[in-house]
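The next block holds one structure in the form of structure tokens; read it before the comments.
Computed from the coordinates by the stated procedures, all read-outs in this text should not be read as laboratory data. Because the structure is a prediction, the values reported are computed rather than measured. We place every Cβ from the backbone using ideal geometry, glycine too, and count neighbours over all the protein chains shown.
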Amino acid sequence: MQPFAVKLDYNGKPWVTVDLEVGHNEIGDADEPDPCLPRFIVEMFESIGLPSPGPVPLMPVSHQIAQKLHGLSEPGSKRAHDLIDLQLLVAGCDVDYAKTRSVCERLFAYRQMQSWPPKIDGSADWNDLYREQSGELDVVGDVELAVTWANELVERIVQS
């Protein structure tokens, strides 16, 4: 993944900068996107009198989980936000753990950086990052517990 800071203007004036990660199709992660339209989006549009938008094509959940576990387990990783993303994915999506195991095995073999299954160790500097980025989200409140949760997720995937 290659991160970029994208600066957006509104009415000709600087408005906001957002982070955008751009990657390439490594192991078929972009071949068959999952269409997604959460109910709360439909309700939000309807509440202000707008027609419901169509589904958005997203990377399949199994690929998202594999990429986030790979990022978390890289030596020196600064990706504490992936702990948050993983919790939200597992809580909000139907995860096919057997399919996810297959994708994880393929991605880790393809990237040839660390072996599958990984051990998520965390980092001393993850505490502040995790606390800042988790905010009011419904996730484990402590980074050490989140790392334990992530390692339990790896085990659940391995056992599927």
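Modelled label positions at Asp31 and Leu137, each set 7 Å beyond Cα in the direction of Cβ, lie 2.9 nm from each other.
With a/c under 1.5 counting as rounded, go ahead and sort region 18-107 into rounded, prolate or oblate using the C-alpha gyration tensor (a ≥ b ≥ c being the square roots of the eigenvalues; past the cut-off, prolate if a/b is larger than b/c, else oblate). Because a/c hits 1.5 or more and a/b exceeds b/c, region 18-107 counts as prolate.
Using a Gaussian network model on the chain with a 10 Å cutoff between Cα atoms, which of Ser52, Ser73, Ser123 fluctuates the most? Result for the chain, Cα springs under 10 Å: Ser52 fluctuates most. For Leu58, the residues 5 or more places off, or on other chains, whose built amide H falls under 5 Å of its own are Asp34, Cys36.
Recomputing Rg/Rh (Cα atoms, Kirkwood Rh) from the coordinates shown identifies the correct label among (1) 0.99; (2) 0.95; (3) 1.09 as (1). Spin-label pair Ala5-Val22: with each label point 7 Å from Cα along the Cα-Cβ axis, the two points sit 1.7 nm from one another. Close Lys pairs in the chain, defined as Cα atoms under 22 Å apart and 8 or more places apart or on different chains, number 5.
Residues Ile65, Ile48, Ile41 in ascending order of nearby Cβ atoms (within 10 Å, fewest first): Ile48, Ile41, Ile65.
Mean-square fluctuations from a GNM of the chain, with a 10 angstrom spring cutoff on Cα atoms, peak among Arg101, Arg39, Arg131 at Arg39. Comparing Cα centroids, region 1-72 and region 92-131 end up 20 angstrom apart. At an R0 of 22 angstrom, the distance between the Cβ atoms of Trp15 and Arg39 translates into a FRET efficiency of 0.20.
For the chain, modelled as a GNM whose springs connect Cα atoms under 10 angstrom apart, the maximal fluctuation among Val42, Val139, Val16 occurs at Val16. Between Ala91 and Gln112, the FRET efficiency estimated from the beta carbon spacing at R0 = 45 angstrom works out to 0.90.
A Förster radius of 41 Å combined with the Cβ-Cβ distance from Leu145 to Ser52 puts the calculated FRET efficiency at roughly 0.60. Among Thr100, Thr17, Thr148, a tally of other beta-carbon atoms within 10 Å of each Cβ gives an order, fewest to most, of Thr17, Thr148, Thr100.
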